[in-house]
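Everything below concerns the one structure shown next.
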Amino acid sequence: MAELETAAEHERILREIESTETACIGPTLRSVYDGEEHGHFMEKLEARIRNHDREIEKMCNFHYQGFVDSITELLKVRGEAEKLKNQVTDTNRRLQLDGSELLSSMKELQQCRVQQRNIAATVDKLNMCLPVLEMYSKLRVQMKTKRHYPALKTLEQLELRYLPQVSHYRFCQAMVDNIPKLREEIREVSMSDLKDFLESIRKHSERIGEMAMKQAQQQRSMDNVLSLQTKCGIGKRYKRDKCPSPEVNGTSPMSEQDSGILDVEDEEEEDEEAPGAQDLVDFSPVYRCLHIYSVLGSREIFENYYRKQRRKQARLVLQPPSNMHETLAGYRKYFHQIVGFFVVEDHILHTAFGLVNRAYIDELWDLALSKTMAALRTHSSYCSDPNLVLHLKNLIVHFADTLQGYGFPVNQLFDMLLEIRDQYGEILLKKWAQVFRNILDADNYSPIPVGDEDAFRKVVGQFPFHDADLEKQPFPKKFPFSEFVPKVYNQIKEFIYACLKFSEDLHLSSTEIDDMIRKSTNLLLTRTLSNCLQNVIKRKNVGLTELVQIIINTTHLEISCKFLEEFITNITNVLPDTVHTTKLYGLTTFKDARQAAEEEIYTNLNQKIDQFLQLADYDWMASESGNQASDYLVDLVAFLNSTFAVFTHLPAPSDTHSRMPGKVAQTACMSACKHLSTSLTQLLLEAEVKQITMGALQQFNLDVKECEGFAKSGPVPGFQGDTLQLAFIDLRQLLDLFIKWDWSTYLADYGQPTCKYLRVNPTTALTLLEKMKDPSRKNNVFAQFRKNERDKQKLIETVAKQLRSLINTHHS
């Protein structure tokens, strides 16, 4: 069984050998040698080979005759083939001889074709290289002529378009290596031009600002003219239209020559026009440098550098000179520089393709606004000239309107002007204080005399005065007031005009202007004029006549306040009955001045009386009196008569409610009499007078009668009955009690309403009685009654005792 399986396996291997390709026979042979029957397989293989050899031999024997026939036929063809070979050889020889000339011509043609191809290739290469060389030559020319932006564009085309086509040439590599250097050179040159531009605008900013402010002022004047032609009354507030964005010619990145100018129209009507801003500053370096840095991919670097440099310049511009407050030219130069700076930045904003933006401009403006306002507050505080402050205000308004025309918010500037307005008001008050002092010092405090109608109308034209009685009087005649009344009145009007001038163009309503003027006028009256009047009244050398005239003058000025109200109403067009209208309460100034003058009159009269009383030289030990009043008292009465005569002859004001001159004269006269009575009583009772004789008392009584005579003579009209004499009633009853020695009546009736000596105080009577009872003195009042001295001394002591008892009873 195993032999059968081995034989079958060997048969299979043989079939595989016969049918398998030589390259894959290895595994089959390995299977033979892996087994142990390879000897039997070799026998099988030899048998199969012999079998195939027999089959091949059979097949060869079968085809042998045909093979022989083929060989025979082949031998027959051999001779013909030899003939053909000879013919071909001969033909080839003859063809080689005939084609040798053609071959020579073909070689020459081939060489010409090669040369032609080389020439064409060379021309093509040259055509490729020539534009590169031309562009490079153009680049060098542009660099030489400082046309850097076109050079940069040429460089870009050369690098991106032309050089890549000929990059395998060595000269191209040299160009490629030189391109970064050229770019850096262009960058540096353009930056140098920018620095020159920045320096240029720094120098010309003041002139640019001056032109911009001048043009804004001209535009405003034209608007005011148009508004006056179309509308009556108060002109509408000026508001400058926003300037159109200035156009720039040739600012395209592809332009050969950039030119940047401010589009500012010069509307001056002068024969010779001022140079325009475009004549002062060429903006092309900015645009070129911006385009160059944009192409170089460094736009952000350029923008940061430009903004940084301009911020530095802004800080320099915003730094005011230390002496700016001294002259208006200093302020004007400061404003011109700021306006010029922002006009340039506004121009750059609208023309430089985003080099600066609105946020950057607003940031700079906020900085400028804070710095400018701080500088103005500081320097304006040094100013003491109202004209300079007014000019400064107009300059600030002009400055604000100009920048507002370029779109900058300026409300804070107008708010600051309200602060300066308060300062301006204080300066005006100081100035008018000096004006009022000069007027009051120069016044003669006498009624204004007029000799003809022209002089009369001139005064009436200066001061609102109407008196029908005075107008009917013949010339020459006098106004009741002195020169300072019309002068002060007109100066008050001038002050109102000065306040109004500052309020112009502040964008305030009529009500606000009216309120400001009225408040300032009230301050002028209540503080400035009041202080000046008080100073004049309190001066040592002022006389009673001057004081009386001051009272008359202030009365007329108080009456004129209603005309001042009307004057303010006319210039502001705000009716006085408006809800928020401030009233002129300054008329209290004149009331206070009159009161002070009246008090000063009373004080001066009393001081004068005291001066006369200091001349009193009584002999209190005199045995008998003289025949007439003391000389000092006669002089005092004469002085009082002359003084009150002046009151009587002064013209009274037309206002029936006035206290002058009658009421004041009456009050002054009553005050003088009371003071005189009190002073005489004190003179009689003073402690230094230890003893008084009856003779001295009678002389004193003569003096009191002289005073009573003055009171009875009616030095001032208007007193009813013996009202003025009542000022001496206390002293009169005291003297009558002692001279008549009517103690029984006094003691019996004391305390009753009908008492004869009702005004005699028991303490006063006791004091005077003590001065008359001293027995140690010679020539006393009872010296002539020596025989009855003890009884009379006892009587005095009894009266004194009763007076003391009366005093104690009264106090208890």
Quick one: count up the residues across segment 322-346 that are over 24 Å from Met211 (Cβ atoms) and surrounded by 19 or more Cβ atoms within 10 Å (Cβ to Cβ). 1
Being within 36 Å of the chain's Cα centre (by Cα), modelled with pLDDT under 90 and in a loop (DSSP other than H, G, I, E, B) narrows Gly425, Gly407 down to just Gly407
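Quick grid of which residues meet (1) touching a strand residue (DSSP E or B) at 6+ places or on another chain (Cβ under 7 Å); (2) under 30 Å from Gly407 (Cα atoms); (3) in contact (Cβ under 8 Å) with a residue 40 or more places away in the chain:
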site	(1), (2), (3)
Cys129	no, no, yes
Val141	no, no, no
Pro150	no, no, yes
Gln165	no, no, no
Tyr169	no, no, yes
Val176	no, no, no
Leu194	no, yes, yes
Ser205	no, yes, yes
Mind listing just one residue for me: the one in segment 310-321 that is buried (at least 16 other Cβ atoms within 10 Å of the Cβ) and more than 18 Å from the chain's Cα centre (by Cα) and, of those, farthest from Lys393 (Cα to Cα)? Arg310
If you take the residues of segment 731-750 that are open to solvent by 40 Å² or more (accessible area, probe 1.4 Å) and in contact (Cβ under 8 Å) with a residue 24 or more places away in the chain, which of them is farthest from Arg804 (Cα to Cα)? Ile739
Lone qualifier among Leu428, Leu376, Leu388, Leu349 - being among the aliphatic types (A, V, I, L, M), over 25 Å from Asp282 (Cα atoms) and open to solvent by 10 Å² or more (accessible area, probe 1.4 Å): Leu388
Given the structure, is Pro449 at pLDDT below 90 and either on the phi < 0 side of the Ramachandran plot or buried (at least 18 other Cβ atoms within 10 Å of the Cβ) (or both)? no
Can you find a residue in segment 355-365 that is assigned to a helix (DSSP H, G or I), open to solvent by less than 50 Å² (accessible area, probe 1.4 Å) and closer than 12 Å to Leu318 by Cα? yes
In segment 703-729, what count of residues is obtained for those that are buried (at least 18 other Cβ atoms within 10 Å of the Cβ) and part of a helix (DSSP H, G or I)? 8
Go through (1) small (Gly, Ala, Ser); (2) closer than 17 Å to Leu680 by Cα; (3) exposed (fewer than 14 other Cβ atoms within 10 Å of the Cβ) one by one and return the number of the condition Ala765 breaks. (3)
Suppose we filter segment 452-487 for residues that are in contact (Cβ under 8 Å) with a residue 12 or more places away in the chain, open to solvent by 90 Å² or more (accessible area, probe 1.4 Å) and part of a loop (DSSP other than H, G, I, E, B); how many remain? 2
Out of Ile25, Ile71, I need the residue that is farther than 30 Å from Ala8 by Cα and among the β-branched types (Val, Ile, Thr). Which one? Ile71
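The values are calculated or read from the model by the stated rules, or taken from the named source; none is laboratory data. Quick caveat: nothing in here was measured; it's all calculated off a predicted structure. Every residue, glycine among them, receives a Cβ derived from its backbone with ideal geometry; neighbour counts consider all protein chains shown. These accessible areas exclude ligands, DNA and RNA; they are computed on the full protein's heavy atoms, side chains included. Shrake-Rupley method; radii C 1.70, N 1.55, O 1.52, S 1.80 Å.
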